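The values are calculated or read from the model by the stated rules, or taken from the named source; none is laboratory data. Remember, predicted model here, so these are calculated numbers, not experimental data. Counting neighbours? That spans all protein chains shown, and the Cβs are built from the backbone with ideal geometry, glycine included. These area figures cover heavy atoms from the full protein model, side chains too; ligands, DNA and RNA do not enter into them. Shrake-Rupley method; radii C 1.70, N 1.55, O 1.52, S 1.80 Å.
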Amino acid sequence: MSNQLTINGLQLPTSYCTLAAKYKDLDGFCNLKLKDPKDSFGHPLECELAQIYSNEQKLKEITDSLNKYFVPDGYYGELDSNNTDPESLEDITDFKKIVCFGIAGDGSQFCFDFRDCANAPTVIWWEDDHWRKISNSFEEFICLFSNS
């Protein structure tokens, strides 16, 4: 994997490409554990980075499948006025500026979110029933884990 990678017209961070190359021979399986059970903002976080997608074809395939798995259905995609979780994001229904780059041990997706800035994506995670911003950058995100 080169230090430049573009998926659906979105350039992934060089730091991501470097880490993905490190685990390429293991098909991206890295099983990185959190140093402290908190996200970059100090909110509780319980997960691990089980696998990063180290292959361009897999990155594109998984990213393109998000539209199939997260479909407005009367529950997902509806504004929930009862949701008071300060870390949660509104349901994403347009994934054109989202790139899935890895998964937690339970299969929850880690994604780059380019919606606010095309040159500096944030990192979001699917936490059981909502999307959650967990870091302002991939560099911040990867610092949450041991042995990265």
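Per-structure values
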{"quantity": "The range 18-24 - phi-based ³J(HN,Hα) in whole Hz, Karplus 6.51/-1.76/1.60, Gly and Pro as x", "calculated": "5, 5, 4, 5, 4, 9, 4"}
{"quantity": "Residue-span extension gain [Asp129 to Phe29] - 0.36 nm each, minus C-alpha spacing", "calculated": "33.5 nm"}
{"quantity": "Rounded if a/c under 1.5, otherwise prolate or oblate - the range 48-148, Cα gyration tensor axes", "calculated": "prolate"}
{"quantity": "Packing rank of 135-144, 54-63, where each peptide gets the mean count of other beta carbons within 10 Å, highest leading", "calculated": "135-144, 54-63"}
{"quantity": "Too-long pairs where the Cα-Cα distance tops 28 Å, listed order kept, from Lys35/Lys60; Lys60/Lys133; Lys22/Lys133; Lys58/Lys96", "calculated": "Lys35/Lys60"}
{"quantity": "Rounded percent of accessible protein surface that carbon and sulfur make up, the chain, 1.4 Å probe", "calculated": "47"}
{"quantity": "Accessible area (Å², per residue) of the chain, counting only protein heavy atoms and a probe of 1.4 Å", "calculated": "54"}
{"quantity": "5 angstrom amide H check on Tyr53, placed H, neighbours 5+ away", "calculated": "Gly102"}
